[in-house]
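**Q** Before I ask anything, let me first share the structure, which is written out below as structure tokens.
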Amino acid sequence: MEHIAVVTGAARGIGLAITHALLKDELTVVGVDVNEAGLSATAEKLTADGASFVPKLADLADPTQVARIFAEIEETFGGVDALVNNAGTCFVNDFVDISPDELQRQMAINFDSTFYCCQRAIPLMLRRPGIKKIVNISSNGAYNFDVFDPAHYRASKAAVDNMTKHLARRYAKENIVVNSIAPAMTRTDLFDVVEPEVLARAIAEMPQGKPMEPEEVAAWVAFLVSAAGNCASGNVIILNQGRDVR
Ligand SMILES: NC(=O)c1ccc[n+]([C@@H]2O[C@H](COP(=O)([O-])OP(=O)(O)OC[C@H]3O[C@@H](n4cnc5c(N)ncnc54)[C@H](O)[C@@H]3O)[C@@H](O)[C@H]2O)c1
């Protein structure tokens, strides 16, 4: 049977690496992104290589657009076997400078999008056989207070992890397992939002003296999506080279 994985934020960075990893494991990947040019460039490359990749353009902070893409997925595939909520961003204003609009936007992109995608994917998972998988990409920023991260970004990821635990308990008997992966500094274009000296300091704090790579995070997602992940649910898996061990 064709296994369907939905990966959000698939156009670049960690989401693109996750897409590659799941395609390698022979899942069909529905890749969702708000970046039209990035998504079509990614889709062009992947489909030229013969990959089973279906691009969907949507702003996942908008519940109407989330509903639309999951209706299309239902029509095309009938169900969903795995959902990876990876789309996200980080606004970097200092606490007193965060406007109400920026606070709302940060929560909407990182938390609301995950909430809406879970709401729409779960009914499509309930009709599939076997153990279905939700993997939420959180952040070390929700747990580590030595390295700079803005308050609203930390809170958005902490909210995601709380929902991971809620859904893990709520759907345990329905064979849906739900986990978060919380990476530290991972080399992507998102690094550009941080001032160079702040970035250099954060990288210097990584025990291996270098950032993590998107493929390292993707390998953990693929592990959870594989049969090996069937017995794990409700976890927040911290990936940070051991930075926070005291
Ligand atoms: N890079 C890191 O160091 C790091 C560390 C911890 C957590 N994370 C998390 O990992 C995830 C991926 O980050 P990344 O570093 O690959 O960032 P990135 O900016 O390279 O990629 C994020 C992707 O998500 C898409 N996206 C953003 N908002 C969207 C929306 N509203 N609707 C649909 N798509 C949207 C973007 O267009 C982009 O393609 C994010 O949730 C981020 O918070 C990253």
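**Q** Filter region 151-188 down to the residues that are away from the ligand (no atom under 13 Å from the Cβ) and in contact with a Pro (Cβ under 9 Å, 6 or more places away or on another chain) and list them by number.
**A** Asn175
**Q** Let me ask something additional. Mind checking which helices (runs of 4 or more DSSP H) fall wholly inside region 121-229 and carry at least 1 residues that are of a type in the set (Phe, Trp, Tyr)?
**A** Output list reads 151-170, 214-225.
**Q** So which residues in region 171-200 are free of Cβ contacts under 8 Å to residues at least 24 places away in the same chain and surrounded by 14 or more Cβ atoms within 10 Å (Cβ to Cβ)?
**A** The answer is Phe191, Leu199.
**Q** I would also like to ask the following. Here are the criteria: (1) more than 20 Å from Ala11 (Cβ to Cβ); (2) at pLDDT 95 or above; (3) not charged (D, E, K, R). Tell me which single one Ala108 does not satisfy.
**A** (1)
**Q** Could you grab me the full set of residues in region 82-101 that are modelled with pLDDT of 95 or more and out of contact with any helix residue (DSSP H, G or I) (no Cβ under 7 Å at 6 or more places or on another chain)?
**A** Val96, Asp97, Ser99, Pro100, Asp101
**Q** Only one of (1) under 23 Å from Asn93 (Cα atoms); (2) among the aromatic types (Phe, Trp, Tyr); (3) under 16 Å from the mean Cα position of the chain (by Cα) is not met by Phe191, so which one is it?
**A** Failing condition for Phe191: (3).
**Q** Please go through region 89-120 and give me each residue that is assigned to a helix (DSSP H, G or I), within 15 Å of the ligand (Cβ to nearest atom) and among the β-branched types (Val, Ile, Thr), ordered by number.
**A** Matches in region 89-120: Ile109, Thr114.
**Q** What residue, of Cys117, Cys90, is buried (at least 17 other Cβ atoms within 10 Å of the Cβ) and either closer than 24 Å to Ala202 by Cα or of a type in the set (Lys, Arg) (or both)?
**A** One residue alone meets the criteria, Cys90.
**Q** Going by the structure shown, is Leu83 touching a strand residue (DSSP E or B) at 6+ places or on another chain (Cβ under 8 Å), under 18 Å from Lys157 (Cα atoms) and surrounded by 14 or more Cβ atoms within 10 Å (Cβ to Cβ)?
**A** Judged against the criteria, Leu83 is a match.
**Q** Test each condition in (1) of a type in the set (A, V, I, L, M); (2) within 11 Å of the ligand (Cβ to nearest atom); (3) within 14 Å of the chain's Cα centre (by Cα) for Ala58 and report the one that comes out false.
**A** (3)
**Q** State which residue pairs qualify: first residue loosely packed, with under 14 Cβ neighbours inside 10 Å and inside region 205-234, second residue of a type in the set (D, E, K, R) and modelled with pLDDT under 95 in any location, beta carbons under 8 Å apart, and separation of 6 or more residues or different chains.
**A** As it stands, the answer is Pro207/Arg243, since those pairs meet every condition given.
The values are calculated or read from the model by the stated rules, or taken from the named source; none is laboratory data. Just so you know, these numbers come straight off a predicted model, no measurement behind them. Counting neighbours? That spans all protein chains shown, and the Cβs are built from the backbone with ideal geometry, glycine included.
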